[in-house]
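Below you'll find the structure, written out as structure tokens, and then a few comments.
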Amino acid sequence: AVAEVHLRDDQYTLDHMRAFGMYNYLHLDSWYQDNVYYVDQFGRVMNVSVTLDTALQKPREVFRLPTDLTACDNRLCASLHFSSSTWVTLSDGTGRLYLIKSGKRGSSASEKWEIVFNEELGSPFIVAHSVSFVKSDAHSLAVLLLRVEKDELDTKGSGFHVTLEWVTIAERKEGDHRYEIVKRRVLQGKSVPHYAAIEPSGDGLMIVSHKPFTFMQSENDKLEENDDAKISNEKKDPVYYWQQTEEDVTVTVHLPQDTTKDDIKIRFSPENICVALKDQTPLMEGNLYSSVDHESCTWIIKEDKSLEISLIKKNEGCRWPELIIGDTRGELIMDPSQCAEIAESLMHLTSEVMNPNPEKEKPPCNAQELEECDAFLEDGASLCRFDGDTLKVTHIINLGSNQYLFSVVVNPKEMPCFCLRHDVDALLWQPHSDQPENMWEHIATFNALGYVQASKQDKKFMACAPDYSYAALCECLRRVFIYRQPTPLATVLYNRKEGRQVGQVAKQLVATLETNDPILGFQATSERLFVLTTKTLFLIKVNSGN
């Protein structure tokens, strides 16, 4: 039987139900369409393939998990994901991750699952997504691990938070074909994501979720930051001081003893400055905050052995917040009159009293002025793209009333598509991480599916054919609903009410399974539906083969 893991008493939140209670135990190999896999109670990964239209082969063992699954008390269900046509990521549900080289799957001749990497990665997780790619000549796999963890600090909410760990594993440079972890990053949020997928290049991550996710700092990052802080606390005196008026900027640099005029090399350009003493790294170098009239800029050595540089501003009246962009080694000196002037110009922004007049005509901010990233509405989900290097959000889209319905792999080389409700319809969107101008492309529409699915209170899984020919959903028990796309009619049909001819019609089919076991897995291919219960795999033929 299928290795179903029931929720324990301490897994009582909606997030536990979403992540583990509604887990799809049937895995479709998108690279070889007619192959599905499940893990049985002996920890065996079983493959079932279709031959001759509807004939199912006997389940065939392709791999056996080395650990005794029943020995672990807090285990989750085993989970797997097909990273490429020859790579599989697998979790046994106890917190161990396996990378498997499978050979070409789908035919017993070439399929041979071999463990290439296996490591204990902390508390139990399920594999949410994985990709295989080549970066700087090394083969890498990136895996997304989903956990629901106790949160001691959360006294008001459910007492749990959700983490997504993004692990990158790469082949070692030594050429011994061994793999090792090269990066581990953790995102944390307060809801199980509807959709979470790594981009095919391994450079970014897209998440659809109700509550926002943010990257957590790892200890190393914190240590590095602390080191930086220490260094900055022990800061030496500024390398240069500078002052400004409406028209010019004066920079003073202290020179070492015995410096002569010939030792000083200064280069001015409209946007740039470079000040160096012979054969040494420049004292000052970089892009200026704003343009200068470089032909009028001068410098002299003063009696106190300091170098004074005069820069003439191109844009008079513009106040510079910094001299060289990003350079923190200088110090701005203001005279008292400038300080008073600035304080006066900022007066309207501050007040002695905290929010003295909240009912005033002009509130401090209104909803229209908020940035997109502020608009994380409670009732709607948001779609975010995170950059893998900066770990920052590069795109955020508030989905508002466009309810998330399901995701589906249309092309295994691309990211999974997600389906959103738009009014009464359901629209399928394909992410293209490599096309910033067309990052989400609308590729298919299921008419009225948004409306129809809303009435199905008992629905458990939803899917659609990769060729969009039908959408389907199943309830927790027995019933499967299939919604075909509209097709032209062979005979003439009139709508009597409106007196018009109907050219095409969309059919709805209902299948009732002869079983009392709950449905545990559900997958759709262009021709058929696979439905898994504890002891049976049902095959429903939807379209005949070409």
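Could you work out how far apart the two model spin labels at N287 and E119 are, taking each label as a point 7 Å from the Cα in the direction of the beta carbon, and quote it in nm?
Calculated label separation equals 3.8 nm.
Would you kindly state how much longer the chain becomes between T328 and D258 on full extension, computed as 0.36 nm times their sequence separation minus their alpha carbon distance, in nm to one decimal?
Computed gain between T328 and D258 is 22.5 nm.
Which peptide among 523-534, 164-175 comes first, and what is the full order, when sorted by highest mean count of other Cβ atoms within 10 Å?
Taking the mean over residues of other Cβ atoms within 10 Å, the ranking is 523-534, 164-175.
Figure the gain on full extension for D434 and Q41 (residue separation times 0.36 nm, minus the Cα-Cα span) and round it to one decimal in nm.
That pair, D434 and Q41, stretches by 137.4 nm at full extension.
Where does the charge balance sit around L205 when Lys and Arg score +1, Asp and Glu -1, over other residues with C-beta under 10 Å from its C-beta?
Net of charged neighbours comes to -1.
What area, in nm² and to one decimal, does the C-alpha convex hull of the chain cast on average over all directions?
Average of the hull's projected areas for the chain equals 39.5 nm².
Hey, can you find the accessible area per residue of the chain for me, probe 1.4 Å, expressed in square angstrom?
About 55 Å² of surface per residue is accessible.
Throw me the Rg/Rh for segment 1-132, computed over C-alpha atoms with Kirkwood Rh, two decimals.
Dividing the radius of gyration by the Kirkwood radius yields 0.97.
In whole angstrom, note down how far apart the Cα centers of segment 380-458 and segment 508-524 are.
For segment 380-458 versus segment 508-524, the Cα centre distance is 25 Å.
Under a crude label model (7 Å from the Cα following the beta-carbon direction), how far is T51 from T70 in nanometres?
Inter-label distance under the simple model: 3.4 nm.
Working from Cα positions, state the angle (0 to 90°, nearest 10) between the long axis of helix 336-346 and the longest principal axis of the chain.
30
Would you list D237, D15, D425 from the most to the least accessible area, probe 1.4 Å?
So, going from the largest accessible area down, we get D237, D425, D15.
Leaving ligands and nucleic acids out of the surface, order S209, S291 by accessible area at 1.4 Å, largest first.
If we order S209, S291 from most to least accessible, we get S291, S209.
For the residue pair V134 and S337, what label-to-label distance in nm results when each label sits 7 Å from Cα along the Cα-to-beta-carbon direction?
Those two pseudo-labels are separated by 6.8 nm.
Please say if segment 58-97 is rounded, prolate or oblate, where rounded means a/c under 1.5 for a ≥ b ≥ c the square roots of the C-alpha gyration tensor eigenvalues, and otherwise the choice is prolate for a/b larger than b/c and oblate otherwise?
Taking the square roots of the gyration eigenvalues as a ≥ b ≥ c, segment 58-97 is oblate.
Once phi is turned into ³J(HN,Hα) by the Karplus curve 6.51 cos²θ - 1.76 cosθ + 1.60 with θ = phi - 60°, what whole-Hz value does each residue of segment 95-105 show in order, with x for glycine and proline?
x, 10, 10, 10, 9, 10, 8, 9, x, 5, 7
Expected output is a single nm value to one decimal: the length gained when fully extending between N543 and N398, i.e. 0.36 nm times separation in residues minus the C-alpha distance. What is it?
48.6 nm
Would you mind putting 142-149, 484-491, 408-415, 465-472 in packing order, based on average other-beta-carbon counts within 10 Å, highest first?
Descending mean neighbour count gives 142-149, 465-472, 408-415, 484-491.
Would segment 402-545 count as rounded, prolate or oblate if I go by the C-alpha gyration tensor, calling it rounded below 1.5 in a/c and otherwise prolate when a/b exceeds b/c, oblate otherwise?
Since a/c reaches 1.5 but b/c is at least a/b, the shape of segment 402-545 is classed as oblate.
Counting only protein heavy atoms and using a 1.4 Å probe, what share of the accessible area of the chain belongs to carbon plus sulfur, as a whole percent?
49
Arrange the peptides 19-29, 448-458, 316-326 so that the one whose residues have, on average, the most other Cβ atoms within 10 Å appears first.
So the order, starting with the most tightly packed, is 19-29, 448-458, 316-326.
Keeping every protein chain in place, order Y98, Y241 by accessible area at 1.4 Å, biggest value first, i.e. largest first.
Y241, Y98
Would you calculate a helix-derived [θ] at 222 nm for the chain, using -39,500 (n - 2.57) for each DSSP H run of n ≥ 4 and dividing by the full residue count, to the nearest 500?
So the helix-based figure for the chain works out to -2000 deg cm²/dmol.
What do you get for the angle between helix 219-233 and the principal long axis of the chain? Use alpha-carbon atoms, 0 to 90 degrees, nearest ten.
The angle comes out near 10 degrees.
On alpha carbon coordinates alone, what is the Rg over Rh value for segment 240-328, Rh being the Kirkwood radius?
In segment 240-328, Rg relative to Rh is 0.95.
Near the amide H of A128, under 5 Å away, which other amide H atoms are found, from residues 5 or more places off or on another chain, if H is placed in the peptide plane?
Answer set, sorted by chain and number: L144, L145, L146.
Give me the lysines in straight-line cross-link reach of K278: C-alpha distance below 18 Å, same-chain residues under 8 apart excluded.
By straight Cα distance, K278 reaches K261, K265, K305.
The values are calculated or read from the model by the stated rules, or taken from the named source; none is laboratory data. As the structure is a computational prediction, the values presented were derived from the model and not from experiment. So basically every Cβ, Gly included, is an ideal-geometry build from the backbone, and we count neighbours across all protein chains shown. Only protein heavy atoms, including side chains, enter the accessible area calculation; ligands, DNA and RNA are left aside. Shrake-Rupley method; radii C 1.70, N 1.55, O 1.52, S 1.80 Å.
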